[in-house]
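For reference, the structure is listed below as structure tokens.
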Amino acid sequence: VQLQASGGGTVQAGGSLRLSCAASGLTFSNYHMGWFRQAPGKEREMVSIIKWTGGIGTLYAESVKGRFTISRDDAKNTAYLQMNILNPEDTAIYYCAASGSRYWTDSRRYEYWGQGTQVTVSS
């Protein structure tokens, strides 16, 4: 299984970025997909999760609600994270992950992880 995250970069506060996570080696539609991030000196945190295709549901961290949107395209085996109104506190390495567990909101259940993509927001 491989998850390839891309789309990170440096943007000014108030700007936007769209992250992509291309998956291979798994039946993508059967997996919940999540975006997590880790800032320097901080623990990894959940950003957003989207359920597998057979279910309906998304979850967002309070800090990104109303600014970030998660989506998936099963035909392309790709998950996305649209990030708007970025602020310096969003600076982190962003990771995508996949889970086949019924406990889709539990980040410990995400068994496959991508390599991460750096997002830097300047003030």
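Placing 46, 33 in order of accessible area, with the largest value first and a 1.4 Å probe, yields 46, 33. In loop segments of the stretch 43-123 as defined by DSSP, the trypsin sites (Lys or Arg not before Pro) with at most 11 further C-beta atoms inside 10 Å of their C-beta are 65, 102. With a 1.4 Å probe rolled over the protein heavy atoms of all chains, the accessible area of 85, 49 falls in the order 85, 49, largest first. Keeping all protein chains in position, work out how much accessible area residue 106 exposes to a 1.4 Å probe, and write it in Å² to the nearest 10. Near enough 30 Å² of accessible area.
Pairs of Cα atoms under 8 Å, at least six residues apart: use those to get the relative contact order of the stretch 1-99, whole percent. Relative contact order for the stretch 1-99 comes out at 36 percent. When 117, 69 are compared by accessible surface with a 1.4 Å probe, the order from highest to lowest is 69, 117. Distant-in-sequence amide contacts of residue 9, defined by a placed amide H-H separation under 5 Å and a gap of 5 or more residues or a different chain, comprise 119, 120.
Measuring r between the beta carbons of residue 85 and residue 27 and using R0 = 25 Å, the FRET efficiency lands at 0.10. Counting only Cα atoms, the stretch 42-123 measures 40, 24, 23 Å along its principal axes, largest extent leading. Listed values for the stretch 40-47 are Karplus-derived 3J(HN,Hα) couplings in whole Hz (6.51 cos²θ - 1.76 cosθ + 1.60, θ = phi - 60°), namely x, x, 10, 7, 5, 9, 6, 9, and x replaces Gly and Pro. In a reduced charge model with +1 at each Lys and Arg Cβ and -1 at each Asp and Glu Cβ, the chain shows a dipole moment near 140 debye about its Cα centre. Normalised per residue, the accessible area of the chain is 52 Å², obtained with a 1.4 Å probe and no contribution from ligands, DNA or RNA. Here the spin labels are modelled as points 7 Å beyond Cα on the Cα-Cβ line, and at residue 123 and residue 109 they lie 3.9 nm apart.
The values are calculated or read from the model by the stated rules, or taken from the named source; none is laboratory data. The structure presented is a predicted model; accordingly, all values stated were derived computationally and were not measured. Because the Cβ atoms are built from the backbone with ideal geometry, glycine has one as well, and the counts that use them run over all protein chains shown. Surface areas here come from the heavy atoms of the whole protein model, side chains and all, with no ligands, DNA or RNA. Shrake-Rupley method; radii C 1.70, N 1.55, O 1.52, S 1.80 Å.
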